Amino acid sequence: MKLLLQTDPPTMTAWLHDVVRLYYPGWKIEVEDSGQAEGRMRIVRSQSKGKVEVALTVEDRNGTIRERIMLEAGDEKNSEDVEKEVRRQIRLITYRLLARHTGKEGNPYGILTGVRPTKLVQRWLDEDLPTEQVETRLENQYAIRRDKAKLLTEIALRERPYLMDNDAASRYLSVYVGIPFCPSRCHYCSFLGATVTDYSRQVTPFMEALGREVEVFGQVTKDLGFKVQSIYVGGGTPTVLACNDLEVLLEWLNRYFVSAATREITVEAGRPDTLTAEKLRLLREAGVTRISINPQTMNDATLRAIGRSHSVEEVVRAFELARHEGLRQINMDLIVGLPGEGMKEYTNTADRILQLKPENVTVHVLAVKRGSVLAETERGVGAREQIEQVERGIEMFRNRLTGTGYEPYYLYRQRYMAANMENLGYSLPGCYCLYNILMIEERQTILGLGAGTASKFVNPGSWTLTSLYSPKNPLSYVESLSRLIRNKVDKLGALT
Ligand code: SF4
């Protein structure tokens, strides 16, 4: 099915497209008239007597609807803020008109379609807006469902003690290290790094390049007066590294970045089939405070179907081994919406995870990304019943986790999610992962080293940021290292 979306001025399409798509899922939205569209939508913005007027027309199998509305720009002070406010209102009008026209229930997050919805709440809390007003604004100005407005506010309030003020944000940063290797590729993952088939040919040059980068930025951060508050080693699967490489990496991080200001070091130990007692001991002895063992599901048939190459028993064994080796903060990632799973499987996963009592549990909703095996076979694309099943699964996990003392403490959303839900990090009280909060709220510079990383250089005066990305492919990373270092040194220097 095709929908022709025409806007005047045409630039409006770029920021209205996602709202229109919410009501026409699976439709191809075209901007040039092919003469084959089953639906048409036209939105015209004009200026009249100093006010903005919007005229909307929708024609499709539900009939025709027209609306003409005069906007109030509010009391924004500068022209950029006025434009932002006008756009928000046009998005909201479009959203509400389409809800009436199609008779469909909208998105639980309304027109707030971005990845980090709690950032908006943090801004309002900065202005000392009372929490009831925050929730009301989310509902009235962004059409967010009441329960989601409450969830966003609750999480933002939990995060606040961990966020920095402007002064501290100019002195502290966090470091993310990307290890772009995995033992094999899981079917739902669009991971563009490398599956390790020839360790010395693939990993050794990468480690040499990473060593150079760590050394350079150890010196640069010191010279610029930054202290490293948290370190996160992710991937890929960092624990696919051989013991000697893992040891060298942790030694570098300790030598160049760790100080009395460092509160947390996380290493993703995602795949249990990469873990041994020796590696886990090495992590603890090197000062790693948190690891993540990620079963995704506790059902063997699903693990086989998604190409995880490990069993539920291996997950349990790896978890017990990690405890035995003294690792006190363990996260477990789960995915709701995996093929073939329903309430019976979700309940089994919840039972098995709660028996283990990890400090953190992160519940993801399956996001079938382009490039993953599942996207190619289209097995992850959900019909209405599957989406409802996912929503019930998410609800069940929330009830089970909050009912046993876990608190939701960070949240993000993704494109391509099965169901319009969210990824939610839960934690036992006092065990929050600082890095996750800082990374989601973008209130501190994150320096990305290694492959497949996003460095975020945060300007503490305005909380605006610039991003720099490193290639996901290890070979491309090695080849572009000098340029990457130069660019990041410039951006860091510009912050001081
Ligand atoms: S899901 Fe994790 S372990 Fe699996 S391929 Fe992707 S990055 Fe690697």
Within 10 Å, count the other beta carbons around each residue, average over each peptide in 143-152, 119-128, 28-37, and list them highest first. 143-152, 119-128, 28-37
Cα gyration tensor shape for region 58-159, rounded if a/c is under 1.5, else prolate or oblate: oblate
Computed over the Cα atoms of region 2-106, the Rg and Dmax in Å are 14.0, 45
Given Ile90, Ala37, Ile65, which one lies farthest toward the positive end of the charge dipole of region 2-106, if we put +1 on the Cβ of every Lys and Arg and -1 on the Cβ of every Asp and Glu? Ile65
Indicate the gyration tensor shape class of region 413-496 (rounded, prolate or oblate), computed on the Cα atoms with a ≥ b ≥ c the square roots of the eigenvalues: a/c under 1.5 is rounded; otherwise a/b larger than b/c is prolate and the rest oblate. oblate
For region 153-229: relative contact order, % (alpha-carbon pairs under 8 angstrom, 6 or more apart): 41 percent
Whole-percent carbon and sulfur contribution to the accessible surface of the chain (1.4 Å, no ligands, DNA or RNA) stands at 48 percent
Please give me the summed charge of the neighbours of Met12: other residues whose Cβ is under 9 Å from its Cβ, Lys and Arg +1, Asp and Glu -1. +1
Gap separating the Cα centres of region 312-344 and region 457-496, nearest whole Å: 34 Å
Where the only charges are on Cβ atoms (+1 Lys, Arg; -1 Asp, Glu), what is the dipole of the chain about its Cα centre, to the nearest 20 debye? 480 debye
Would you work out which of Gly106, Pro9, Ser46 lies farthest towards the positive end of the dipole of region 2-106, given +1 charges on the beta-carbon of Lys and Arg and -1 on that of Asp and Glu, about the Cα centre? Gly106
For region 195-258, inverting the pair-averaged 1/r of distinct alpha-carbon atoms gives a Kirkwood value in Å of 12.8 Å
When only C-alpha pairs under 8 Å and at least 6 residues apart count, what is the relative contact order of the chain, in percent? 15 percent
Taking θ as phi - 60°, what are the ³J(HN,Hα) couplings along region 13-24 by the Karplus curve (6.51, -1.76, 1.60), each to the nearest whole Hz, with x for Gly and Pro? 4, 4, 9, 10, 3, 5, 5, 4, 4, 4, 9, 10
Mean separation of Cα contacts under 8 Å (at least 6 apart) over the residue count of region 2-106, i.e. the relative contact order in percent, is 25 percent
Could you please put Asp300, Asp167 in sequence from largest to smallest accessible area, using a 1.4 Å probe? Asp167, Asp300
0 to 90° range, to nearest 10: angle between helix 384-403 axis and the chain longest Cα axis: 50 degrees
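Can you say what percent of the DSSP beta bridges in the chain, counting only those with both residues inside, are antiparallel? Round to 5.
Looking only at bridges with both residues in the chain, the antiparallel portion is about 45 percent.
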Alpha carbon centre of region 238-253 versus region 105-134: separation in Å? 40 Å
May I ask you to rank Leu282, Leu465 by accessible area, largest first, using a 1.4 Å probe over the protein chains only? Leu465, Leu282
How large is ³J(HN,Hα), in whole Hz, for each residue of region 319-325 in order, when computed from phi with the Karplus curve 6.51 cos²θ - 1.76 cosθ + 1.60 and θ = phi - 60°, using x for Gly and Pro? 4, 5, 5, 4, 4, 4, 7
Over 31 Å between Cα atoms, which of Lys150/Lys472; Lys49/Lys456; Lys2/Lys49; Lys28/Lys472; Lys150/Lys222 qualify? Lys150/Lys472; Lys49/Lys456; Lys2/Lys49; Lys150/Lys222
With every protein chain present, what accessible area does Glu38 have (1.4 Å probe, heavy atoms only), rounded to the nearest 10 Å²? 90 Å²
Ignoring everything but the protein chains, give the 1.4 Å probe accessible area of Arg45 in square angstrom, nearest 10. 50 Å²
Projected convex hull area of the chain, Cα atoms, direction-averaged, in nm², equals 24.2 nm²
Karplus ³J(HN,Hα) for region 228-245 (6.51 cos²θ - 1.76 cosθ + 1.60, θ = phi - 60°; Hz, whole; x = Gly/Pro) runs 8, 8, 9, 10, 10, 9, x, x, x, 10, x, 6, 6, 5, 5, 3, 5, 5
With angles folded into 0 to 90 degrees, how steeply does helix 481-494 sit against the dominant principal axis of the chain? Use alpha carbons for both and round to 10. 70 degrees
Amide H contacts of Phe181 (H built 1.01 Å from N, under 5 Å, at least 5 apart or other chain): Ala194, Thr237
If R0 is 30 Å, what FRET efficiency do you get for Asp18 and Arg255 from their C-beta distance, rounded to 0.05? 0.10
Heavy-atom accessible area ranking, 1.4 Å probe, most first, across Met1, Met332: Met1, Met332
Starting from the Cα gyration tensor of region 159-214, take the square roots of the eigenvalues, sort them a ≥ b ≥ c, and report rounded, prolate or oblate (rounded when a/c is under 1.5, otherwise prolate if a/b is larger than b/c, else oblate). oblate
Whole-number accessible area per residue in Å² for the chain, which is evaluated in the context of all protein chains at 1.4 Å: 44 Å²
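The values are calculated or read from the model by the stated rules, or taken from the named source; none is laboratory data. Please read these numbers as outputs of a predicted model, since none were measured by experiment. No Cβ is skipped: glycine too gets one built from the backbone with ideal geometry, and neighbour counts run over all protein chains shown. Note: accessible area is taken over every heavy atom of the protein model, side chains too, but ligands, DNA and RNA are not part of it. Shrake-Rupley method; radii C 1.70, N 1.55, O 1.52, S 1.80 Å.
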